[in-house]
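The values are calculated or read from the model by the stated rules, or taken from the named source; none is laboratory data. Keep in mind that this is a model prediction, so the values were computed, not measured. Please note: Cβ atoms are built from the backbone with ideal geometry, for glycine as well, and neighbour counts cover all protein chains shown.
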Amino acid sequence: MSAARPILLVANALPPLVGGTPMVYDRLARACAPRLHVLTAWRDPDEGKPIAGWRESDAAKSYPIHRIAWLRPPRIEAFRRRIGLLDLLLVDLPVMAYVLLRVLFLATRIRARAIVIGELQGLGWLAILLGLFSPWRIVMYTHGEEVVQRTYNRLARLRGPALRAADHVITVSSFTRDRLVADFQVPVERISLVTPGVDLTRFQAGTHAPAAGSFVLAVGRLIERKGFDRLIEGFGLVAADFPDVELVIVGKGPEEDRLRSMAASSPAAARISLRGGIDDRTLDALYGDCLLFAMPNRTLPDGDTEGFGLIFLEANACGKAVIGGHAGGATDAVVDGVTGLLVDGDDPASIAAALRRLLANPDERIAMERAGLARARTLGWDTTARSFLEAVE
């Protein structure tokens, strides 16, 4: 990889920011190191404040990472409301000019082969400008919610032109690819499907089966589309039939207080626990000890949905059958009836039926565990890195 010309990835979402997209870009850059250079910001893209711990995080990276103050105009809504349309002249255009010049300078300095733009909504304008006059191959990297979610801000209106201006588009699931074709008229031959990889050095199947009377594990950011509220309701419907099984939910987010209230009022309250945020070592132990994994994601009224659902493959890599929602890119991550079950993530009864099926039929669950493990082992980050580099080239 190192003999070929570098590739420049421009994206806000990098560690120490937390989330699925920062993790994907970090792992991809590691797998492509040292060829993939990353340009990101040292200010939080939402709050405009310096990101805590960014220097320490960057020092530990195995790939070249460059930071500038801004990659997209700050969301200073109170100021914008006071000045009206002047915000375009006083905020947006100066930041955009600054970003464009820094991207041109860095791409020239490293002699980049291509520029990959990793943020459709906030940086789509950059693809348009670079596509007009720059000598580089421009690739847009899309995930999910920024493609399907209905949004009305100024930059979001540039999504279609940005996608069509790029030389190529990378996306993470067939669901998102189909939406790019249907909603934005991107020719399918200009789209590459690159599935996020699994960290197979971390997520591994244990050497022993979980003890009888273990727990169902749910992991993710505590937001509405993940479906943890419906999971609590669904678990309450079957808990009486499986008195030794508990539900453990791991994660933090804006829904935490509501979910704790729901768990406290559930008929299975004594067997539902929300662990909050935990360290990787503790989480890995939970993956090893659980009976199965569940995250019944759903699509929200505004279109917000899962772009892929890498967490299902991570659970599969730990030798666990999974329950996911029949929504968004989770239909690519979970092979229904083979590596797990897909449910209506808005229907507690559908979730309860899947829980009952896997808890009551250990032979079927074990067959799904084996199939999921075999599939996950073919989807490591080395495979993803090769697919990414092929798409960019």
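Can you confirm whether segment 156-176 contains a residue that is of a type outside the set (Lys, Arg) and at positive phi?
No, the conditions are met nowhere in segment 156-176.
Which members of segment 313-334 meet the condition of being touching a helix residue (DSSP H, G or I) at 6+ places or on another chain (Cβ under 7 Å) and more than 18 Å from Asp289 (Cβ to Cβ)?
Hits for segment 313-334 are Leu313, Gly324, Gly328, Gly329, Ala330, Thr331, Asp332, Ala333, Val334.
Can you report the number of residues in segment 24-67 which are under 18 Å from Arg102 (Cβ atoms), in contact with a Pro (Cβ under 7 Å, 6 or more places away or on another chain) and surrounded by fewer than 21 Cβ atoms within 10 Å (Cβ to Cβ)?
Residues flagged as under 18 Å from Arg102 (Cβ atoms), in contact with a Pro (Cβ under 7 Å, 6 or more places away or on another chain) and surrounded by fewer than 21 Cβ atoms within 10 Å (Cβ to Cβ) within segment 24-67 amount to 6.
Does any residue of segment 275-290 turn out to be touching a residue at least 24 places away in the same chain (Cβ under 8 Å), more than 29 Å from Val194 (Cβ to Cβ) and of a type in the set (D, E, K, R)?
Among the residues of segment 275-290, at least one is touching a residue at least 24 places away in the same chain (Cβ under 8 Å), more than 29 Å from Val194 (Cβ to Cβ) and of a type in the set (D, E, K, R), which makes the answer yes.
Can you tell me how many residues in segment 97-125 are surrounded by 17 or more Cβ atoms within 10 Å (Cβ to Cβ), assigned to a helix (DSSP H, G or I) and modelled with pLDDT of 90 or more?
9
Out of curiosity, is Asp183 surrounded by fewer than 18 Cβ atoms within 10 Å (Cβ to Cβ), of a type in the set (D, E, K, R) and in the same structural domain as Arg159 (by TED's automatic domain parsing)?
Yes, satisfied.
Give the residue, chosen from Ala294, Ala317, Ala321, that is in contact with a strand residue (DSSP E or B) (Cβ under 7 Å, 6 or more places away or on another chain), over 14 Å from Phe215 (Cα atoms) and touching a residue at least 40 places away in the same chain (Cβ under 8 Å).
That would be Ala317, the only listed residue that is in contact with a strand residue (DSSP E or B) (Cβ under 7 Å, 6 or more places away or on another chain), over 14 Å from Phe215 (Cα atoms) and touching a residue at least 40 places away in the same chain (Cβ under 8 Å).
In segment 231-259, which residues are touching a Ser or Thr at 6+ places or on another chain (Cβ under 9 Å) and under 15 Å from Leu274 (Cβ atoms)?
The answer is Ile232, Glu233, Phe235, Gly236, Glu246, Leu247, Val248, Ile249, Val250.
Name the pairs whose Cβ atoms lie under 8 Å apart, with the first residue in segment 53-70 and closer than 18 Å to Arg43 by Cβ, the second among the aromatic types (Phe, Trp, Tyr) and not in a helix (DSSP H, G or I), and 6 or more positions between them or separate chains?
Correct list of pairs: Trp54/Trp42; Arg67/Trp42; Ile68/Trp42; Ala69/Trp42.
Kindly indicate whether any position in segment 354-365 is surrounded by fewer than 18 Cβ atoms within 10 Å (Cβ to Cβ) and either among the β-branched types (Val, Ile, Thr) or closer than 30 Å to Asp167 by Cα (or both).
no
Checking Asn12 against (1) surrounded by 21 or more Cβ atoms within 10 Å (Cβ to Cβ); (2) under 14 Å from the mean Cα position of the chain (by Cα); (3) under 19 Å from Thr383 (Cβ atoms), which single condition isn't satisfied?
That leaves (3) as the condition not met.
Looking at segment 292-344, which of its residues are charged (D, E, K, R) and closer than 16 Å to Leu359 by Cα?
Lys320 - this is the single residue of segment 292-344 that is charged (D, E, K, R) and closer than 16 Å to Leu359 by Cα.
Trp70 fails exactly one of the following numbered conditions: (1) buried (at least 16 other Cβ atoms within 10 Å of the Cβ); (2) in a helix (DSSP H, G or I); (3) modelled with pLDDT under 95. What is the number of that condition?
Of everything listed in (1) buried (at least 16 other Cβ atoms within 10 Å of the Cβ); (2) in a helix (DSSP H, G or I); (3) modelled with pLDDT under 95, Trp70 misses just condition (2).
Could you list, in sequence order, the residues of segment 374-390 that are closer than 16 Å to Gly337 by Cβ and either touching a residue at least 60 places away in the same chain (Cβ under 8 Å) or basic (Lys, Arg) (or both)?
Arg375
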